[in-house]
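Scroll down for the structure; my scribbles are underneath it.
The values are calculated or read from the model by the stated rules, or taken from the named source; none is laboratory data. Nothing here was measured: the structure is a model prediction, and the numbers come from that model. Ideal geometry is used to build each Cβ from the backbone, glycine not excepted, and the neighbour counts take in all protein chains shown. Side chains included, ligands, DNA and RNA excluded: accessible areas come from the protein's heavy atoms. Shrake-Rupley method; radii C 1.70, N 1.55, O 1.52, S 1.80 Å.
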Amino acid sequence: MPSSVIDLRSDTVTKPTPAMRAAMNVAEVGDDVFHEDPTINRLEERVAALLGKEAALYVPSGISGVTCRTFEGDFGILDITQLDGKIRPNNEHQVRTRLVCLENTHNRGGGRIYPLEKIQAISAWTHANNLALHVDGARLWNAIVATGISAQEWCKPFDSVSVCFSKGLGAPVGSALNGSREFITRARRVRKLFGGGMRQAGVLAAACLYALDNNIHRLAEDHRNARVIAQAIADTPGLRLNPPEVDTNLIWFEADADLGTAADVVTSLQKRGVLVFATGRQFLRACTHLDVSAAQAEQAADAIRQAVPRLTPAGSRA
Ligand SMILES: Cc1ncc(COP(=O)(O)O)c(C=O)c1O
């Protein structure tokens, strides 16, 4: 593999820059389980205000296990008509329907941005049915930058919002859950039960504050770079963008079976110094982020154009 690798597997691979590390180095810390870490307190106040919510909670990871009922959307985008009749009856044999959860941008939907009017319609339906509405906004920052719609406007229809600092924003760890003060007080308890209470984690929160100050606007660059790579995929026979449009920094694509498998495409690109992620037998994802420059996106696009036509059947795979 060439010595300088262009890593498009995920936006979680970003590494803290020297400036971010400097901010971490001087972060004031305290015991956050006692609410005494000033840097975490500052981050939580800042993010809640940014998203127009009362309070926020910094957590090591934004994923948790709940009983889910998923629906096939249009690349992750649900229409309100799909929700009708889906609330489970109030019956002791069934889990209670309590929450509708959307994702914006939608990872498996190809980085799709949820149309705000669809969210507003779902919000009205959800609240009319006494359910809460949550958004997994791990990549909400990308939707904000791509549309120019403010964070508060995106978040207004939701009771709770989670955002992530360790993807496009480039911080090493953490997400923030946002909502009413009462909800966040309960979430703090649940975080402790899950083993997520952290002590002097202000060094991590400092990286998140640095990311909020420095790494949001530049996401537009990731979106431009994603389009460069997407164009190479669209131009390459045997590869197909799926979805066909690239809204943000995620590029999901499919390889024709006569070209080989997704794993063959990964291997061929890896030999040319480009890492992409096989998400299924024929499906792949490439992702642009802070650690991929415009020049590297061009290089990756060239590698795709060169590598894939050589992936022909019967052993001639480069
Ligand atoms: C859409 C989405 N939501 C939430 C998460 C959770 O992120 P973390 O565990 O880093 O907070 C991920 C991580 O990959 C994600 O892709």
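In nm, to one decimal, how far is the Leu193 label point from the Thr279 one, both placed 7 Å along Cα→Cβ?
3.2 nm
Any idea how far the Cα center of segment 209-279 sits from the one of segment 115-143, in Å?
That distance is 27 Å.
Can you tell me, using C-alpha contacts under 8 Å and at least 6 residues apart, the relative contact order of segment 165-318 as a whole percent?
So the answer I get is 23 percent.
Loop only per DSSP, at most 11 neighbouring Cβ atoms within 10 Å: give me the trypsin sites (Lys or Arg not before Pro) in segment 38-97, ordered by residue number.
In loop regions of segment 38-97 (DSSP not H, G, I, E or B), the sparsely surrounded trypsin sites (Lys or Arg not before Pro) are Arg69, Lys86.
Please work out how much length the chain gains when fully extended from Gln231 to Thr67, using 0.36 nm per residue of separation minus the C-alpha to C-alpha distance, in nm with one decimal.
55.2 nm
For Ser10, what accessible area in Å² do you get when you roll a 1.4 Å probe over the heavy atoms of the protein chains, rounding to the nearest 10?
20 Å²
Could you give the accessible area per residue of the chain, probe 1.4 Å, as a whole number in Å²?
48 Å²
Give the calculated FRET efficiency between Val5 and Thr147 to the nearest 0.05, with a Förster radius of 35 Å applied to their Cβ-Cβ distance.
So the FRET efficiency works out to roughly 0.65.
Kindly express, to the nearest 10 degrees and within the range 0 to 90, the angle between helix 116-128's C-alpha long axis and the longest C-alpha principal axis of the chain.
Between helix and principal axis, roughly 40 degrees.
How much of the accessible area of segment 1-67, in percent, comes from carbon and sulfur atoms when a 1.4 Å probe is used?
Carbon plus sulfur share of accessible area: 54 percent.
Under the definition of Cα pairs under 8 Å and six or more residues apart, what whole-number percent is the relative contact order of segment 51-204?
It comes to 30 percent, rounded to a whole number.
If each residue of separation counts as 0.36 nm, what is the full-extension length gain between Asn91 and Ala257 once their alpha-carbon separation is subtracted?
Result for the pair: 55.1 nm of gain on full extension.
Report the calculated FRET efficiency for Leu241 and Arg98 (r = Cβ-Cβ distance, R0 = 41 Å), to the nearest 0.05.
0.65
Mind checking the angle between helix 38-51 and the chain's longest principal axis? C-alpha axes, 0 to 90 degrees, to the nearest 10.
Relative to the chain, helix 38-51 is tipped by roughly 80 degrees.
On the accessible surface of segment 204-253, probed at 1.4 Å, how many percent belong to carbon and sulfur atoms?
49 percent
Taking the chain, how many lysine pairs are there with alpha carbons less than 20 Å apart, if each pair must be eight or more places apart or span two chains?
Step by step, the pairs that qualify in the chain add up to 4.
Pairing the Cα long axis of helix 294-307 with the longest principal axis of the chain, what angle in degrees results, from 0 to 90 and rounded to the nearest 10?
On a 0 to 90 degree scale, this one is about 50.
Calculate the dipole size of the chain relative to its Cα centre from +1 charges on Lys and Arg beta carbons and -1 charges on Asp and Glu beta carbons; express the result in debye to the nearest 20.
Using only the charged Cβ atoms, the result is roughly 560 debye.
Projecting each Cα onto the charge dipole of segment 3-140 (Lys/Arg +1, Asp/Glu -1 at the beta carbon, about the Cα centre), which of Leu43, His93, Thr81 comes out farthest on the positive side?
Thr81
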